[in-house]
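The next block holds one structure in the form of structure tokens; read it before the comments.
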Amino acid sequence: MIENVFSGSDVSEFRFWMGWADRYVILTHMGPDGDAIGSSLALCHYLRSKGKQAVVLVPDSAPDFLKWLPGADEIKAYSDNPAASDEMVSKADVLCCLDFNVVSRIGNIASAFLYSKAKKFLLDHHPFPGSYFDVILSHPEASSTSELVFHLICALGDFRSMDLNMAECIYTGIMTDTGALSYNSNYSSLFNIVSHLLDKGVDKDDIYRRVYNNYSEDRLRLQGFVLCEKMQVFRDKSTSLITLTDEELRRFNYKKGDTEGFVNMPLQINGVLMSAFFREDKEQGIIKLSFRSVGDVPCNRFSSEFFHGGGHINAAGGEFNGTLSEAVDCFLKGLDVWSGSSEECIRRLFVK
Ligand SMILES: [Mn+2]
């Protein structure tokens, strides 16, 4: 039996709402990843199975590599119809907020969200949730929000009626947020959950192929270009930096999601403990930042100290207002500041 992360009292309010609330809008973050879409669709399938009206609303569209997920074709994108989306949010009985915990992550949906009189339910695994939710189920130690959806359904007493659609969406979220169970996944209860999902009929090998062996030729060639030409390794700092300009991205017919996972690649190098990836986003006029680290090296602290970003200890992000070369300067200065630090976990970045 899996020990549930939620006690009966944690889910009692949501259970109470389910007694009267019919209209649910499930919100997730901009640039949704496998966990954002997987957890949202799983909850959507669950609520519909309970006879509720439920819809998933995202700020922008879901990436192509997730479009095969059951229910993905019904996801609404705010950018496609802002007026109808605002109305949906204002008329909802319950807004379920999955895989984000601050309104800045839902872009243009934020104002409708804040004005809505709907009950606001947060289910998430990022640290430091905002205060505008009525119920907060926040578990930063969880692998993924999808894992928490599994726990929620179980805590509501509905494990038996979990169907294959829900199970596939949950597995996809767990898989993509743990690099196919290779990080953030070192506890047995997660494997218990995976085992239950397999019993529900999930074909994990097939899901792996659909998600990871699904690149375009352009994407794979961009990866080759990045590794060969664009990856800088600072051996004395156990760190790596990849940058991509808008021009370079266009040369490879960049499509959203094509750079997914690039930031993880340098961590395959022996001795690299922290990796950064900076991408020029001409559309938004900013530099998008991603950070990854291993063990107790806190890349979220690096991101917050030098870029006002944030995230998990081993996976963080941020945005930089300025040019790509200014962002690189800021990165190098940050490393210099850290090299003066005496903290053990940071000092290890600078031991050759
Ligand atoms: Mn997640």
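Take the convex hull of the alpha carbons in the range 217-350; its mean projected area over all directions comes to 7.5 nm². Using a cutoff of 8 angstrom between alpha carbon atoms and counting only pairs six or more residues apart, the relative contact order for the range 134-268 works out to 19 percent. Computed over the alpha carbons of the range 44-88, Rg followed by Dmax gives 11.4, 29 Å. In the Gaussian network model of the chain, springs joining C-alpha atoms below 10 Å, which of His308, His151, His125 carries the largest mean-square fluctuation? Largest GNM mean-square fluctuation: His308.
For the chain, the share of DSSP beta bridges that are antiparallel, to the nearest 5, is 45%. Neighbours of Phe262 by Cβ distance under 11 Å: Lys/Arg scored +1, Asp/Glu scored -1, total +2.
Out of every Cα-Cα pair that the chain contains, those further apart than 37 angstrom amount to 19 percent.
Residues in the range 145-270 average 48 Å² of solvent-accessible surface per residue, probe 1.4 Å, ligands and nucleic acids excluded.
How far is the Cα center of the range 299-352 from the Cα center of the range 140-202, in Å? Each part reduced to its Cα centre gives a spacing of 32 Å. Accessible area per residue (1.4 Å probe, heavy atoms of protein chains only) ranks Leu95, Leu227, Leu181 as Leu227, Leu181, Leu95, with the largest value leading.
Database remark: amide H of Ile286 closer than 5 angstrom to the amide H of Asp281 (H placed geometrically; neighbours at sequence offset of 5 or more, or on other chains; Pro and chain starts carry no H). Rounded to the nearest 10 degrees, the angle from helix 164-177 to the longest Cα principal axis of the chain is 20 degrees.
Surface composition of the chain: carbon and sulfur make up 49 percent of the accessible area, probe 1.4 Å. Taking 4 °C and 1.567 mPa s as conditions, the range 146-194 diffuses translationally at an estimated 117 µm²/s according to Stokes-Einstein applied to its Kirkwood radius (Cα pairs). Once the Cα atoms are used to define both axes, helix 34-49 deviates from the longest principal axis of the chain by about 0 degrees. Across the range 231-350, C-alpha contacts under 8 Å between residues 6 or more apart give a mean separation that, scaled by the residue count, equals a relative contact order of 22 percent. Using Cα-only point scatterers and the Debye equation, what is log10 of I(q)/I(0) for the range 8-212 at each q in 0.08, 0.14, 0.16, 0.18 Å⁻¹, rounded to two decimals? Calculated log10 I(q)/I(0) at the listed q: -0.23, -0.74, -0.99, -1.29.
The angle between the Cα long axis of helix 82-91 and the main principal axis of the chain comes to about 50°, on a 0 to 90 degree scale. Over the chain, calculate the relative contact order: mean separation of alpha carbon pairs under 8 Å at least 6 apart, over the residue count, as a percent. Value for the chain: 12 percent.
When you count the other C-beta atoms within 10 angstrom of each residue and take the mean per peptide, 133-144, 338-349 line up highest first as 133-144, 338-349.
The values are calculated or read from the model by the stated rules, or taken from the named source; none is laboratory data. This is a predicted model, so every value here is computed, not measured. With ideal geometry, Cβ positions are generated from the backbone for all residues, glycine too; neighbour counts draw on all protein chains shown. Each accessible area value is taken on the protein alone, full model and side chains, heavy atoms only, with ligands, DNA and RNA left out. Shrake-Rupley method; radii C 1.70, N 1.55, O 1.52, S 1.80 Å.
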